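The values are calculated or read from the model by the stated rules, or taken from the named source; none is laboratory data. Keep in mind that this is a model prediction, so the values were computed, not measured. Ideal geometry is used to build each Cβ from the backbone, glycine not excepted, and the neighbour counts take in all protein chains shown. Side chains are part of the model used for accessible areas, which takes the heavy atoms of the whole protein and leaves out ligands, DNA and RNA. Shrake-Rupley method; radii C 1.70, N 1.55, O 1.52, S 1.80 Å.
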Amino acid sequence: MKRPPARVYVPVLAALVGAGALVGTTVLGDGPHGSPGRHRSADGALTIDAAHRPSAPDLAGTGTDGRPASLADYKGKTVVVNVWASWCGPCREEAPALTRYHEKKKGQGVVVLGLNEDDSAGPARDFAREFHMSYPSVLDPGGKRFRALAKGLTTTQGLPVTFVVDPRGRIAAATSGGIDEQRLAALVAAARTDAGSS
């Protein structure tokens, strides 16, 4: 099957577009153009101190299964928001790890929520079935929700991208490129640190 061309989004902060991750997304950290309380690790992951975490937008819409899905459904939980598409190679590679992580952690107050960037629902549904995704994914064919989520944190030029939202609904971490369970655990641990602070 011929892979459709990757959609290229308008950069959130055009002045900061630089060398991105493997798939072309740049995580914005601290420094002369960054914000206080933001820290970028050697692997490019961004973590944000509790006092400086921005509120996450409400990611609400129709899921790949045709049912309503929303970030607000998980109020009080730590939510791993994974932005993906069926045509994205690294998304396919990371999908089993995300499903395993969700199954292991959902009883401990940590869940995964997908945000799908396919142009139509069919390929997204096929992907979810192929990888036995047990967590919902909100359909975002125009990229509007992705841009709202990424604003000021990443440029939105490639996939996958993963964000972690703390139990108070604030964005605590972000990373681009494929992710494994070890990196997920590290980002979630950072998100749950001082999650109750204002």
Let me cross-check Leu115: its accessible surface, 1.4 Å probe, with only protein heavy atoms counted, in Å² to the nearest 10? 0 Å²
Classify segment 31-139 from the C-alpha gyration tensor, please: rounded if a/c falls under 1.5, else prolate or oblate depending on whether a/b exceeds b/c. prolate
Considering only C-alpha atoms, what is the centroid distance from segment 159-174 to segment 38-114, in Å? 6 Å
Extension gain Lys151-Asp119, at 0.36 nm per residue separation less the Cα-Cα distance, in nm? 9.4 nm
Could you report the accessible area of Asp65 in Å², rounded to 10, computed with a 1.4 Å probe on the protein chains as they sit in the structure? 100 Å²
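What FRET efficiency would be calculated for the residue pair Lys75, His132, taking the C-beta separation as r and a Förster radius of 30 Å, to the nearest 0.05? Don't skip to the end; give the middle numbers.
On the way: r = 26 Å, r/R0 = 0.88.
Efficiency computed from Cβ-Cβ geometry: 0.70.
Which of rounded, prolate or oblate describes segment 123-166 when judged by the alpha-carbon gyration tensor and an a/c cut-off of 1.5? Walk me through the numbers before you get to the answer.
Details: a/c = 2.30, a/b = 1.74, b/c = 1.32.
Prolate.
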Thr193 paired with Thr62, simple spin-label distance in nm, labels 7 Å along Cα-to-beta-carbon: 4.2 nm
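Label segment 129-195 by shape, choosing from rounded, prolate and oblate, from the square roots a ≥ b ≥ c of the eigenvalues of the Cα gyration tensor; if a/c is under 1.5 it is rounded, and otherwise prolate applies when a/b is larger than b/c, oblate when it is not. Please list the in-between numbers first.
Values: a/c = 1.57, a/b = 1.17, b/c = 1.35.
Because a/c hits 1.5 or more and a/b fails to exceed b/c, segment 129-195 counts as oblate.
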